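Here is the structure we will look at.
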Amino acid sequence: MVMSQETHWVEDGSEKVADQWHALHETCGLYDASSRSRLCLLGNDRASFLHGQVTQEIQKLDSGEGIYAALADLKGRFVSDLNVYCLPDEILLDFEPNDLDKVRERLETFIVSEDVCLVDPSEHYSMLSLQGPLSEKGLSTCFDLPAPPTRPGQLVSFTHPEIEGEIYVSFRPRCTAHGFDLFVPRPHHQYVWESLLQATESIQGMVVGEVAMEMVRIEAGIPRSGFELTNSILVQESGLADQMISFHKGCYIGQEVISRIKSVGKLNRQLCRFRLAGKPDPKPDQPVALMAGDQACGWLTSLAVLPSPDTSILAMGYVQTSILNQSLPIHVSGADGASLVADLDGPVNAYGT
């Protein structure tokens, strides 16, 4: 079996990260997501063009609506995952920081005579995120929103007397069941950050960093581009078909392979969640191999050592479907050289990042 890139290992035993992890579970975490990539599609043909590029229905979106989609290649494999938001005069794409060049290149390749142009809005807008069970309370404490977004992908805008321009807020859980992304005019980034921080701290929340966010993401079993979602992975192997594919829309890049997989109903491998009783033995620049007996049957993509009382180690990884169908025990090599059981938590089927 051909394995993907090195396993993404997340571990930090500091009290600071433990506090952030607890905040994301119990109250609210404020996260600066400005490093994420964004592109805006402008022009009269923007909706019809994007509709022919991604796995989801785009032309049916009204202003203020959004959807989670995959940008696939001709073989039905991931280029990137996208959060798509429809605004009155543009379509906003939000995606992983390292995917900007390949997403831009892929879209520009297929612009022929369409009235479409791509613009990077990061110069004008930054991005902040509130995540955790009390994130809506933190948002409403900070801003007097008439009606905050309540369903995935919903995007609302509002103005503030101290801010020139509109702030856009989307309902976007990134690592728990509750969360919001805010697109903020860049000149007012610091003002909004300080306002949100004050509101977050008033409900016993705090600023959280990448490590804590990754811990909770892996714990929740949410795949991420660059780790679980790579160009070696078919879209349906990720477990996100229900969230990011419309099987009723017209043609798009990769549809032939994706539809064939749907009709055949067979995948060679699936993304699953695991619980480990100890630490695997990491090898530099290599994925942690999943084994069934002495046979390699997959690999771990992401692994998190959590700051919980039982020091749980949770992971995601791809496993051969034939092994899953036989219910064969799966193990990895432990740090002490012994075999370490990887308890299967089941296939991944979570709303993506």
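The values are calculated or read from the model by the stated rules, or taken from the named source; none is laboratory data. Only a predicted model underlies this, so the values are computations on that prediction, with no experimental measurement involved. Cβ placement follows ideal geometry from the backbone for every residue including glycine, while neighbour counts extend to all protein chains displayed. Note: accessible area is taken over every heavy atom of the protein model, side chains too, but ligands, DNA and RNA are not part of it. Shrake-Rupley method; radii C 1.70, N 1.55, O 1.52, S 1.80 Å.
Taking the conditions (1) among the charged types (D, E, K, R); (2) under 22 Å from LEU82 (Cβ atoms); (3) over 21 Å from the mean Cα position of the chain (by Cα) in turn, GLU237 satisfies each one other than (3). The lone criterion from (1) among the acidic types (Asp, Glu); (2) at pLDDT 95 or above; (3) more than 11 Å from the chain's Cα centre (by Cα) left unmet by GLU228 is number (3). THR7 satisfies every condition listed in (1) within 19 Å of VAL208 (Cβ to Cβ); (2) at pLDDT below 95; (3) open to solvent by less than 20 Å² (accessible area, probe 1.4 Å) except (1).
Reported count of residues in segment 9-29, each being under 19 Å from the mean Cα position of the chain (by Cα) and assigned to a loop (DSSP other than H, G, I, E, B), is 1. Scanning segment 203-234 for residues that are part of a loop (DSSP other than H, G, I, E, B) and either closer than 22 Å to LYS60 by Cα or not polar (S, T, N, Q) (or both) returns ILE203, GLY205, VAL208, GLY209, GLY221, ILE222, PRO223, ARG224, GLY226, PHE227, GLU228, ILE233. Set side by side, the residues SER157, SER129, SER122 differ, and just one is within 15 Å of GLY64 (Cα to Cα) and either of a type in the set (A, V, I, L, M, F, W, C) or surrounded by 14 or more Cβ atoms within 10 Å (Cβ to Cβ) (or both), which is SER157.
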